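Take a look at the structure below.
The values are calculated or read from the model by the stated rules, or taken from the named source; none is laboratory data. Given the structure is predicted, the values throughout are model-derived calculations rather than measurements. Note that each Cβ is placed from the backbone with ideal geometry, even for glycine, and that neighbours are counted across all protein chains shown. Just so you know, the surface numbers come from the protein's heavy atoms only, side chains and all, with ligands and any DNA or RNA stripped out. Shrake-Rupley method; radii C 1.70, N 1.55, O 1.52, S 1.80 Å.
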2 protein chains.
Amino acid sequence: MNMKSLVTGLIILLTGCICKAQSNQSSAAEDFKPSTLNQPGQEYPQVNSQGYVRFKVKALKADSIRVTLGLGGHNGTVLTKNAEGYFVGTTAGPMDEGFHYYHLIVDGGVFNDPGTLNFYGSTRWESGIEVPAHDQDFYALRDLPHGNVQQVLFSSKSTNTVRRAFVYTPPGYEKDKSQHYPVLYLQHGWGEDETAWSNQGHANLIMDNLINEGKIKPFIIVMTYGMTNVARMGGIRSFKVDTFQRVLTEELIPFVDANFRTKADRMHRAMGGLSMGGMETHAITLAMPGEFGYYALLSGGTFNSAELKDKAKPRLIFMSCGSREKPDGVNNAASELKSAGYNAVSYVSPNTGHEFLTWRRGLYQLAPLLFQN
Amino acid sequence: MNMKSLVTGLIILLTGCICKAQSNQSSAAEDFKPSTLNQPGQEYPQVNSQGYVRFKVKALKADSIRVTLGLGGHNGTVLTKNAEGYFVGTTAGPMDEGFHYYHLIVDGGVFNDPGTLNFYGSTRWESGIEVPAHDQDFYALRDLPHGNVQQVLFSSKSTNTVRRAFVYTPPGYEKDKSQHYPVLYLQHGWGEDETAWSNQGHANLIMDNLINEGKIKPFIIVMTYGMTNVARMGGIRSFKVDTFQRVLTEELIPFVDANFRTKADRMHRAMGGLSMGGMETHAITLAMPGEFGYYALLSGGTFNSAELKDKAKPRLIFMSCGSREKPDGVNNAASELKSAGYNAVSYVSPNTGHEFLTWRRGLYQLAPLLFQN
């Protein structure tokens, strides 16, 4: 896999400077509305119809507030103090559609925007904002049958801990007690945790909507912490997957198969992940090809036929990324794998980078390809 | 119910000044450890063996940081800037055992402590800290069979929304498909939401531990948003319970009975709540005595025999509070109800006020009394 582009992507993720690079707009339309991810009753931050974001933070005696979101890379958006003591400011241009992490630098300290909900990313609970995407319907909360997201606590002897996972069970799971389901093990990225795929990713809503439209056969999704923060800032290259591999394959999978109505065999078990979760997927599926029948890397590198040779053949290899990442990477890898006789699919998310809209779209493309035969 | 003491309790909750009033200690033991509610890898805030809390916040260019937790009432703890630009400070005395909400005032702005996890209270996601309680074992995470906390999304025609609830299903729920369970509908307090009883209250762990010790028969707990923030700051007296009553009794209960293996009758259905959730319990059980067979008010007022007269008789009336609230209120109410022939029980949590350790202990006392006949 391409480690350099992955690390570059992670650095972009950390600095929060994902933006529409070609934007030259100098003024924003005055149709700002509160972000859908604001805390109850909070008016700011706001987003306009073009994707500009406006911030307003109260700190009467502060000297400076900078937001780590905006054009201009690492500098983000500098707020200015108005006559009432509020710090206000608007991004210099429209942000990419979708979800973005950010925080405030208040007089030199790192704090969250008190207006927004928090999301775990960059190894901290960050502020989050949503720029409405033109295709947001596929992950919208609608009035239709919904699956549940269950917090489960499982015993891990290998780490001597009780560990947490979230299990998405599809609509109808509680009612038809005879049905058994395939399972996708779905990993978050570096600096995130087991909450990311449902909180930021809306994985449950994507599934509910696809199932309601009859576009997929229902399956279970299991999300747990990939222990990726063992290697903290700067230490990604030294990350060892072994500890997590044991938790996943020797502890979590048996727990899920014992406690949920799964189809407990390789051809009904998939592994996928975003960014560093893709790296984990790559390593674990190659190390244990008998465990999983479907592999998915979302902005998480590529497979090649040489490394797969002489191993149990997967039914699908899915590789995706945003158009602002390295689309040639996943497209070329899929071509190479197809030439070698593999069922490989690549997908490139339009006008997005190393960020959650890319991965929501990736899951939306992936789900119909899983467990169909 | 005693509205005045309830409002006083809410004000105490808001200002975060709950503390051991009699403390005269002038110096803290130097055995501080990171709070168990810190974000991963964060060293501060810390708590010592006596219950003092120490804060350390980086903000090189800030002029002042005050923490809304500490002795001295509303003023909390003022931090002082050290040579490295960190703001540091320790509460002037030990805090009550258990969970406390707080936030920072940084140069006049309200921000969370970047060191801690966040918890929804006071109508915002607040910083949280845990002062280890001498009896913390009853809500500790142990290596034993655990129930699940399931996020469910249900359709509410009366409010034209899709609403969220959390459903605790006990260990074994997934395995023995023939067993049906009683249900406790358990409400949060003012300014909180449906996440409070599991995040701050550890309701799931309290149940797991009680079940593991054979002290209770397993039951389901359902937690949803009581819509208490419709009346925001200062408007508590004008709160009308009708809208929530309809969501609960006409929409959520039928949904739960249709989607979980419940015993769907009055004698296997309880309602309880803390603080304003107790107020809701009081109002809804009196309005619809045919719905619930067990009533529980945790720091949420009292019942009297006059208001219960000529209504279907509950099997249990449980009333509790902290010793720093008004223990005479719940004790006298229980005596009066017992004289009138009701099965009434009061419980007073030692050395606590209007705060979550009181309510954790309340649930621990309540659970063995529910659904036993």
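Quick one: in the range A:149-180, of everything that is closer than 17 Å to A:Ile216 by Cβ and crowded, with 18+ Cβ neighbours inside 10 Å, which residue is farthest from the other protein chains (Cβ to nearest Cβ)?
Step by step, filter the range A:149-180, then rank; the result is A:Pro170.
Just to be sure, is A:Ala62 within 10 Å of chain B (Cβ to nearest Cβ) and either modelled with pLDDT of 95 or more or in contact with a Leu (Cβ under 7 Å, 6 or more places away or on another chain) (or both)?
Yes.
Which of the residues belonging to the range A:49-80 are closer than 17 Å to A:Gly115 by Cβ and either assigned to a strand (DSSP E or B) or open to solvent by 50 Å² or more (accessible area, probe 1.4 Å) (or both)?
A:Val53, A:Arg54, A:Phe55, A:Lys56, A:Val57, A:Lys58, A:Leu60, A:Ile65, A:Arg66, A:Val67, A:Thr77, A:Leu79
Out of the residues in the range B:86-115 meeting the condition of being of a type in the set (S, T, N, Q) and open to solvent by 10 Å² or more (accessible area, probe 1.4 Å), tell me which one is nearest to the other protein chains (Cβ to nearest Cβ).
B:Asn112
Name the pairs: first residue in the range B:343-360 and outside the structural domain of B:Gln200 (by TED's automatic domain parsing), second residue at pLDDT below 95, Cβ to Cβ under 8 Å, at least 6 apart or on different chains?
none
Which residue out of A:Leu37, A:Leu71, A:Leu104 is at pLDDT below 95 and in contact with a Ser or Thr (Cβ under 8 Å, 6 or more places away or on another chain)?
The unique qualifying residue is A:Leu71.
Considering only residues that are free of Cβ contacts under 8 Å to residues at least 12 places away in the same chain and in a helix (DSSP H, G or I), which ones fall in the range A:258-268?
Listed by number, the list holds a single entry, A:Ala258.
Going by what's in this entry, would B:Tyr44 be described as touching a helix residue (DSSP H, G or I) at 6+ places or on another chain (Cβ under 8 Å) and hydroxyl-bearing (Ser, Thr, Tyr)?
It is false that B:Tyr44 is touching a helix residue (DSSP H, G or I) at 6+ places or on another chain (Cβ under 8 Å) and hydroxyl-bearing (Ser, Thr, Tyr).
Can you confirm whether the range A:240-263 contains a residue that is open to solvent by 20 Å² or more (accessible area, probe 1.4 Å), at pLDDT 95 or above, among the small types (Gly, Ala, Ser) and within 28 Å of A:Arg361 (Cβ to Cβ)?
Checked against the condition, which is being open to solvent by 20 Å² or more (accessible area, probe 1.4 Å), at pLDDT 95 or above, among the small types (Gly, Ala, Ser) and within 28 Å of A:Arg361 (Cβ to Cβ), the range A:240-263 yields no hits at all.
Looking at (1) in contact with a Phe, Trp or Tyr (Cβ under 9 Å, 6 or more places away or on another chain); (2) on the phi > 0 side of the Ramachandran plot, can you tell me which one B:Gly214 breaks?
So B:Gly214 meets the others, but not (1).
Considering B:Asn304, B:Asn343, which residue is in contact with a Lys or Arg (Cβ under 7 Å, 6 or more places away or on another chain) and modelled with pLDDT of 95 or more?
Exactly one residue qualifies, and that residue is B:Asn343.
Can you tell me which condition B:Ala270 does not meet? The list is (1) small (Gly, Ala, Ser); (2) more than 16 Å from the chain's Cα centre (by Cα); (3) surrounded by 23 or more Cβ atoms within 10 Å (Cβ to Cβ); (4) within 14 Å of chain A (Cβ to nearest Cβ), and all the others hold.
(4)
Yes or no: the range A:106-121 includes at least one residue that is among the aromatic types (Phe, Trp, Tyr), under 22 Å from B:Gly85 (Cβ atoms) and not assigned by TED's automatic domain parsing to the domain that holds A:Met207.
Yes, the range A:106-121 contains at least one residue that is among the aromatic types (Phe, Trp, Tyr), under 22 Å from B:Gly85 (Cβ atoms) and not assigned by TED's automatic domain parsing to the domain that holds A:Met207.
Identify, by number, the condition in (1) in contact with a Ser or Thr (Cβ under 8 Å, 6 or more places away or on another chain); (2) within 14 Å of another protein chain (Cβ to nearest Cβ) that A:Ser198 doesn't meet.
If we test A:Ser198 against (1) in contact with a Ser or Thr (Cβ under 8 Å, 6 or more places away or on another chain); (2) within 14 Å of another protein chain (Cβ to nearest Cβ), just (1) comes out false.
Could you tell me how many of the residues in the range A:181-208 are open to solvent by 10 Å² or more (accessible area, probe 1.4 Å), touching a residue at least 60 places away in the same chain (Cβ under 8 Å) and assigned to a helix (DSSP H, G or I)?
Looking only at that region, the number is 2.
Somewhere in the range B:77-84, is a residue touching a residue at least 24 places away in the same chain (Cβ under 8 Å), hydrophobic (A, V, I, L, M, F, W, C) and more than 7 Å from every other protein chain (Cβ to nearest Cβ)?
Checking the range B:77-84: at least one residue is touching a residue at least 24 places away in the same chain (Cβ under 8 Å), hydrophobic (A, V, I, L, M, F, W, C) and more than 7 Å from every other protein chain (Cβ to nearest Cβ).
Under the condition of being touching a helix residue (DSSP H, G or I) at 6+ places or on another chain (Cβ under 6 Å) and within 14 Å of another protein chain (Cβ to nearest Cβ), which residue from the range B:116-140 is surrounded by the fewest Cβ atoms within 10 Å (Cβ to Cβ)?
Selected residue: B:Thr123.
Restricting the search to the range A:342-373, which residues are aromatic (Phe, Trp, Tyr) and surrounded by fewer than 23 Cβ atoms within 10 Å (Cβ to Cβ)?
Scanning the range A:342-373 gives A:Tyr342, A:Tyr347, A:Tyr364.
Across the range A:28-58, what is the total count of residues that are closer than 18 Å to A:Tyr86 by Cβ, within 14 Å of another protein chain (Cβ to nearest Cβ) and either in contact (Cβ under 8 Å) with a residue 12 or more places away in the chain or charged (D, E, K, R) (or both)?
So the count comes out to 9.
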